[in-house]
Amino acid sequence: MEIIIQPDSQQASLMAARIVGRLVKEKPHAVVGFATGNSPLQLYKNLVRMHREEGLDFSGVTTFNLDEYVGVPPVHPSSFHSYMWAHLFSQLNIPNNRIHIPDGLAADIPAVCRNYEQSIKSAGGIDVQILGIGTNGHLGFNEPSSSLYSRTRIKTLTEETRLNNSAAFGGQDNVPLHVITIGLGTILESRMALLLAFGKKKARAIAMTVEGPLAASVPSTVLQLHPRAVIVLDRDAASELKMADYYSWVYEHKPDWQKY
Ligand code: GLP
């Protein structure tokens, strides 16, 4: 794991945008895994700016989103479909047929999940998987006790996650119980996992992810098994890391060609 601590979320997001931007430049047919939530918002703003001002071309890019609520129509303002179109897809030139988000309205959910995995494979696998983290260490919607080798499937949300997402649905009771999420095994197969976490609220989850034991009860610890996990934090999210000074020292002493 590479742990990069930046002074604030803006600088951290700019670094993440450079990583994604460089990938898209070097590999025009890159496959990018996108996440929702607050954490990647500034990254997405930077990608839109790079597209507008620097001509970063997304016309060959294929995308797969992490997750979606079951039973929530794509046009619902709190669906992850709406989020992605509002913050990113309406402002980039990714062809519609290359955009994939799980279909939360599907009658046959297991078939949708199988097809999603198959589509990722057919696209050549995910080059970079952007991730946020839940306060309980979930990735996507892989809640505690998710198998570390799980694939795309239906999951039931914890009360903690429903509380954290209650504002979007006007109260915890209105937050759907079920979701479709790609699995931890799916995330493990991405060529790079790029996790963003900001603020004190995430400090405990980050400390467990990086320095805790590997455990299905903290799903994000699966990143300890990932061949290339890059974890970009602001100072607050890094505040409970025992070895924070060491991680910063390592990043400072990387050869220039390895820096982001
Ligand atoms: C939701 C999403 C996750 C996201 C998490 C944290 O549960 N399914 O993908 O990482 O929220 O969201 P935020 O970045 O807003 O803290």
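Taken together, the values in this text are just the output of simple stated rules run on the coordinates, not laboratory data. This is a predicted model, so every value here is computed, not measured. When we count neighbours, we look across all protein chains shown, and the Cβ atoms used for this are built from the backbone with ideal geometry, even at glycine.
Structure values in brief
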| item | result |
| --- | --- |
| Dipole moment magnitude, nearest 20 debye, the stretch 2-258 about Cα centre, only Lys, Arg, Asp, Glu C-beta charged | 260 |
| Hydrodynamic radius (Kirkwood) for the chain, which is based on Cα pairs only, to one decimal in Å | 18.4 |
| Charge dipole (debye, nearest 20) of the stretch 111-207; +1 at Cβ of Lys and Arg, -1 at Cβ of Asp and Glu | 160 |
| The chain: calculated mean residue ellipticity at 222 nm from DSSP helix runs of at least 4, using -39500 (n - 2.57) | -9500 deg cm²/dmol |
| Top positive-direction residue, dipole computed over the stretch 2-258 with Cβ charges, set 72, 92, 113 | 92 |
| 3J(HN,Hα) from dihedral phi, the stretch 228-238, Karplus parametrisation 6.51/-1.76/1.60, rounded to Hz, x for glycine, proline | 8, 9, 10, 10, 10, 10, 8, 5, 5, 5, 8 |
| q = 0.13, 0.21, 0.26, 0.27 Å⁻¹, the stretch 154-229: log10 I(q)/I(0) [Debye, one scatterer per Cα] | -0.49, -1.11, -1.23, -1.23 |
| Only Lys, Arg (+1) and Asp, Glu (-1) charged, at Cβ; the stretch 1-112 dipole about Cα centre in debye | 340 |
| Projected area averaged over orientations for the stretch 1-126, convex hull of C-alpha atoms, nm² | 8.5 |
| Bins of 5 Å, starting at 0 and running to the largest distance - Cα pair percent for the stretch 73-171 | 2, 10, 16, 24, 25, 16, 7, 1 |
| Formal net charge of residues neighbouring residue 229 (Cβ-Cβ distance under 12 Å; K, R +1; D, E -1) | +1 |
| Least to most buried among 209, 63 (fewest other Cβ within 10 Å first) | 63, 209 |
| Compactness relative to 2.2 N^0.38 Å, alpha carbon Rg of the stretch 219-260 | 1.29 |
| Least to most buried among 14, 195 (fewest other Cβ within 10 Å first) | 14, 195 |
| Cα lying deepest toward the dipole's positive end in the chain, options 48, 7, 144, charges on Cβ | 48 |
| Positive-end extreme of charge dipole, the chain - chosen from 249, 205, 101 (charges on Cβ) | 249 |
| Rg over Rh [alpha-carbon atoms, Kirkwood Rh] for the stretch 69-120 | 0.99 |
| Likely footprinting exposure, 198, 169, 89, 141, fewest C-beta neighbours within 10 Å first | 169, 89, 198, 141 |
| Distant-in-sequence amide H partners of residue 64 (H built 1.01 Å from N, under 5 Å) | 32, 33, 34, 100 |
| Fully extended contour minus Cα-Cα distance, from residue 166 to residue 256, at 0.36 nm per residue | 28.0 nm |
